[in-house]
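The values are calculated or read from the model by the stated rules, or taken from the named source; none is laboratory data. None of the values given here were measured: they were computed from a predicted structure. Cβ placement follows ideal geometry from the backbone for every residue including glycine, while neighbour counts extend to all protein chains displayed. The area values use the complete protein model at the heavy-atom level, side chains included, leaving out ligands, DNA and RNA. Shrake-Rupley method; radii C 1.70, N 1.55, O 1.52, S 1.80 Å.
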Amino acid sequence: MARFVLFPGRHHLLTRFQAVYLRGLVEDGAGEDLHTATTIVWAVTSANHQNTKRNPLPYDRREAAIERFSVEEGLRSLVVPVFDAAHTDRFAEVTLKSVESVLGHHLTPADTVVACSTPEVATLYSALGFSIALVEADPDFAPPSAPELASPSAPASRPADARTADARGDGKTAAGHDARTASASSPGGHGETAASHDARTAGASSPGGHGETAASHDARRAGASAGDGDTAAGHRDAGSPPFRPWDVLLRLAAGDPAWRELAHPATVDVYDRYRLDEQVAMVVNDPVVGEEGGLTTTRDYRTYAEAFEASAERKWQTVRSHVRPGRIVDVGCGAGAVLALADREPALRESDLIGVEVARHLYEECVHRKAQGWFSNPNVYFYCRNVLGGAVFPPRSIDTTLTFALTHEIWSYGDRMASLRAFARAIYDQTVPGGVWINSDVCGPDDRLRRVRLTLQGAPPTPGATTAGGPAVPSLDGLERDEIAALVAGLPTRARLDRFAADFHFPLDYKDLAEPGNPGAVEIALGDAMEFLTHKDYPDNWLSEAHEQFCGLEFADWKSLLTDVGFEVDPASHSWRNDWIVDNRIRPYAELSTLDGVPLAWPDTHVLLIARRPLNT
């Protein structure tokens, strides 16, 4: 009998079937209770992740449900956090080492059975010599089609060594039985081992009959109210395998109340007390945030954070005189650099400083910095939230909201003006009368639809021409981020325009003017010209930046939007031109003129908006 059952998984939701199955693993064939001798080791993977589609719940809530589950089921359990790591074929070894570092005991095939229903993961443990209990994937517990066996048959009394796949892959159980073939003298026939026959016949005197044990009978009886033919033990209709926990969680996210009958009462209790069902539904159904908790999987958050840090001082000096003390929120706070500068302001020492960040990588850096003593103000708080998922703060509760380089992302990743208007309305609602929203971001030029002539360094690719590396504007398919960066950085400015137009997630219309001696000239809308010129120098995050439209709104559009939702636009609001960008990134590589060739000044690139909620509202 194994001393340990290692149960690796994310464990966001526990099911009634898991309870029945795990009880079976800690009882021997005679039904003797060995709970005190066998320990379930719950290796909770991705323990450092939360608020993502793959990992909606934080580790502490998952741990709480596991502990309650274990007490209710009479299981001796130990819970170990396993932090996420880069993909590796040594995942099983990494997990075992994490368990050893916490428990001080090295689990081996001699004392441990691994409970795992994911074939790819189970294979990794099998390769190390561990026997595998297949949980929801265990073919012995997919119920036959007979109506009276609509829930798992005798899972609670089957011994662990009769239900685990041997690492050798020869079909034998850990007890040495051949589980693949039926013995002619086997009392049960039908390919079952003597142990499984005994387990089935042992149920003849159980309350449910039909060969089930008291545990499986109780599970079926408790599942009488489950919807769609599901039993509370976690099965689908007769003949189908049990629901996996993630299936049940997706039912929750879809609004199906049957999840409560499939989930274990411990999970339901923790979810209800902490309103986790709302959080799961919000995160899983979020149309903007990706599986790993960011707006895009192609962003290099290291370079993104470094760029934000470098500009934080300038941004703070621009807005500090407009900040109203009290509860100050930085939405899209990055790694917390601006809040760290606010923390140093004597006038704000009594204020609450609150950061909201959707990207998990940046949120985790905020929490780390707070733990390392970056902030002297004890009232500094961080939340990992998507502001498009609903209100983050109660109405009339925030004195100052700061947003830097955020609103163009809401426009780009959301539903354009509809999402931006909903966001502006949410900021208005959370702002106290007399409070302020300070928004600093990129913006489009005035009269952005005007057709202009843009002359770029270099020439357009000749149709059919190639460079040493292949086509003149080669495809990015299958390339890694650093390969894409090198390719884009090596393109002349005119050829880079073609690459940008192919990758940009918004229409970009232009045509070559085909002027002799001026091959880089194109006719293009002024807004599209500035879109390319302000994007072209981000090769390190090329595909990520191609998701984002910088010039969707011009200053007049912003003033109209803010007024519509109820704000008063402070006279200090204005559009402005970042001359460093113009002098270093645009002017050396491009010229702007009317279609008749009259030179034009480079337009504004950014906007500062000071929007106040009127006192009488």
Candidate lysines - alpha carbon under 26 Å from K559, same-chain residues fewer than 8 apart omitted: K315
Accessible area of the range 520-617 divided out per residue, in Å², using a probe of 1.4 angstrom: 40
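Heavy atoms only, 1.4 Å probe, whole protein assembly: order L508, L533, L513, L615 by accessible area, highest first. It would help to have the intermediate numbers written out before the result.
Details: L508 25, L533 0, L513 50, L615 140 Å².
These residues rank, largest area first, as L615, L513, L508, L533.
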Rounded accessible area of K370 (nearest 10 Å², 1.4 Å probe): 90
Portion, in percent, of the accessible area of the range 501-617 that falls on carbon or sulfur, probe 1.4 Å: 50
A127 versus R451: modelled label distance in nm, points set 7 Å from Cα along the beta carbon direction: 6.1
Mean accessible surface per residue for the range 1-121, computed with a 1.4 Å probe while every protein chain stays in place, in Å²: 40
With all protein chains modelled, accessible area of D60 [1.4 Å, Å²]: 80
Gyration tensor (alpha-carbon) shape descriptor, the range 308-397, a/c threshold 1.5: rounded
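For the range 361-443, give the percent of accessible area contributed by carbon and sulfur heavy atoms, probe 1.4 Å, rounded to a whole number.
On the way: 1680 of 3240 Å².
Of the solvent-accessible surface of the range 361-443, carbon and sulfur hold 52 percent.
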For H264, residues with placed amide H under 5 Å, excluding near neighbours: L14, T15, R16
Histogram of C-alpha separations across the range 1-105, 10 Å bin width, %: 14, 45, 32, 8, 1
Contour minus Cα-Cα distance for A86 and R425 (0.36 nm per residue): 118.1 nm
Rounded accessible area of E313 (nearest 10 Å², 1.4 Å probe): 90
Built amide H within the under 5 Å cut-off of R10, gap 5+: T45
